[in-house]
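Read-outs throughout are calculated quantities, based only on the coordinates presented, and are distinct from any laboratory measurement. On a predicted model such as this, the values are computed, not experimentally measured, just so you know. Here Cβ is always computed from backbone atoms with ideal geometry, including for glycine, and neighbour counts include all displayed protein chains.
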Amino acid sequence: MVKHLELGLFLPSTSGGLIIAKGEPPQNKATYALNRDVTLAAEAAGMEFALSQVKWRGYGGESHHWDAALESFTLMSALSAVTSRIKLYASVAVRTINPAVLAKMAATVADVSSGRFGVNIVAGWNKFEYAQMGMWSDDDYYLNRYEYADEFLTVLKRLWTEESVTFSGKHFTLEDCKSWPKPAYDLPVVCAGQSDGALKFVAKQADFSFVGRMNDTPEQLGEVVGKIAGLAAAEGRTVNSYTLLNVIAAETDAEAEAERDHYLANRDDVAIQEFLRVSGMDVNRADYLKLDPATVTFMSIPYIVGSYSKVAAYLDTLAAQGLHGVCLTFPDFATDVPDFIANVMPKMTSRRAA
Ligand SMILES: Cc1cc2nc3c(=O)[nH]c(=O)nc-3n(C[C@H](O)[C@H](O)[C@H](O)COP(=O)(O)O)c2cc1C
């Protein structure tokens, strides 16, 4: 029997989404109205979740890619109030906030959502996002960020469940710290880290993980899913894995490929160079031209291009490889989400039971 594959949206809360190209689409004014409309459409279609990312600095260029980013917790709080079934995840950059402040923010949204809210823990990979506000004091942070996240989450979980927390750690000190209201349920914790430190953290502390690098085959993804399940089992825990996927779908392969080629032809070189710089890949013009245009334009995030049937079959293959769910992103959410719901979801065997 084919396993059920959960579906969710990687919300268009940042301008440009996951394609660094000029013109429109790629969408996206980062507006509440767009995020609300696509979340309501996803909920009505039976999708299971929506997640918004935390971003503090974009890449400029003509596209102003990611320059505008809605704040994740306030956005998900508003979406919690207008939805009733879909699960909602906000992202927190642990470097930027005290866990006692976050404990109350999360407990508040947990209440607004009546039990549908969870937290995506972001250790941070782009130092310039944090250095601009004086929150990346030393480069050792990059090496130890999942150990920092581990202490952060230990404190957070205690604040959610204990009367009073007194804690003296490497990064946080709490003295008879109180946090009420308590969330009425165990908030699910997601982490999308892929490094070895991240996987250790995920196995010990998270409920869901995001796996997958660009050009991974479904079989390679299946291996990572198994690895994470094994690491979690060694901790006596269960961790389910998801992947993030950029979908360019159309009636025919040729149409979808033409759309992909349009983005590649219009890629925003200035913003891409900035993306590479902050990712620690400062490349000169000659090196840059040797990079795979799709990898840089689609931000090294896995993508699928093809007919509705091809995309549906690919998603079914991911379900067969043990993926628990897929978080979807699109070039133009306003039109692509209804299109996916109408034309891809009905073709998926892994959604039939739903
Ligand atoms: C679904 C998903 C959501 C993510 N959300 C964020 C985010 O909100 N903010 C951010 O800075 N990075 C985000 N990331 C990046 C990850 O947190 C992580 O840093 C990245 O996968 C690299 O792994 P590493 O940190 O172990 O090196 C996300 C990645 C994925 C796949």
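Numbers below:
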{"quantity": "Pick from the range 201-229, criterion of a type in the set (A, V, I, L, M, F, W, C) and more than 21 Å from THR295 (Cβ to Cβ), ranking: surrounded by the fewest Cβ atoms within 10 Å (Cβ to Cβ)", "calculated": "ALA229"}
{"quantity": "Candidate set: the range 266-294, residues that are farther than 22 Å from ASP139 by Cβ and surrounded by fewer than 14 Cβ atoms within 10 Å (Cβ to Cβ); chosen: the one nearest to the ligand (Cβ to nearest atom)", "calculated": "ASP292"}
{"quantity": "Single match in ALA90, ALA106 (criterion: surrounded by 21 or more Cβ atoms within 10 Å (Cβ to Cβ), within 16 Å of the ligand (Cβ to nearest atom) and over 30 Å from GLY60 (Cα atoms))", "calculated": "ALA106"}
{"quantity": "Among the candidates PHE73, PHE152, residue that is among the aromatic types (Phe, Trp, Tyr), in contact with a strand residue (DSSP E or B) (Cβ under 8 Å, 6 or more places away or on another chain) and free of Cβ contacts under 8 Å to residues at least 40 places away in the same chain", "calculated": "PHE73"}
{"quantity": "Test for THR329: is it of a type in the set (S, T, N, Q), surrounded by 15 or more Cβ atoms within 10 Å (Cβ to Cβ), within 16 Å of the ligand (Cβ to nearest atom) and under 27 Å from GLU219 (Cα atoms)", "calculated": "yes"}
{"quantity": "Hits in the range 109-132 - residues which are within 20 Å of GLY46 (Cβ to Cβ) and within 14 Å of the ligand (Cβ to nearest atom)", "calculated": "GLY118"}
{"quantity": "Selection count where residues are buried (at least 19 other Cβ atoms within 10 Å of the Cβ), assigned to a helix (DSSP H, G or I) and not aliphatic (A, V, I, L, M), scope the range 54-75", "calculated": "2"}
{"quantity": "Top-ranked residue in the range 42-53 [being aliphatic (A, V, I, L, M) and either surrounded by fewer than 24 Cβ atoms within 10 Å (Cβ to Cβ) or outside any loop (DSSP other than H, G, I, E, B) (or both); ranked as nearest to the ligand (Cβ to nearest atom)]", "calculated": "LEU51"}
{"quantity": "Residue check for LEU276: closer than 30 Å to ASP150 by Cβ and either assigned to a helix (DSSP H, G or I) or among the polar types (S, T, N, Q) (or both)", "calculated": "yes"}
{"quantity": "Selected residue [touching a strand residue (DSSP E or B) at 6+ places or on another chain (Cβ under 9 Å), among the hydroxyl-bearing types (Ser, Thr, Tyr) and surrounded by fewer than 16 Cβ atoms within 10 Å (Cβ to Cβ)] from SER195, SER164, SER137", "calculated": "SER164"}
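Results for (1) more than 30 Å from LYS182 (Cβ to Cβ); (2) in contact with a Leu (Cβ under 8 Å, 6 or more places away or on another chain); (3) surrounded by fewer than 22 Cβ atoms within 10 Å (Cβ to Cβ); (4) among the charged types (D, E, K, R), shown as yes or no for each residue.
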{"residue": "ALA110", "(1), (2), (3), (4)": "no, yes, no, no"}
{"residue": "ILE121", "(1), (2), (3), (4)": "no, yes, no, no"}
{"residue": "ASN126", "(1), (2), (3), (4)": "yes, no, yes, no"}
{"residue": "TYR142", "(1), (2), (3), (4)": "yes, no, yes, no"}
{"residue": "GLU151", "(1), (2), (3), (4)": "no, no, yes, yes"}
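So that you can scan it fast, the table gives a plain yes or no per residue for (1) within 30 Å of HIS171 (Cβ to Cβ); (2) among the small types (Gly, Ala, Ser); (3) free of Cβ contacts under 8 Å to residues at least 40 places away in the same chain:
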site: MET1; (1), (2), (3): no, no, yes
site: PRO25; (1), (2), (3): no, no, no
site: THR31; (1), (2), (3): no, no, yes
site: TYR59; (1), (2), (3): yes, no, no
site: ILE86; (1), (2), (3): no, no, no
site: VAL94; (1), (2), (3): yes, no, no
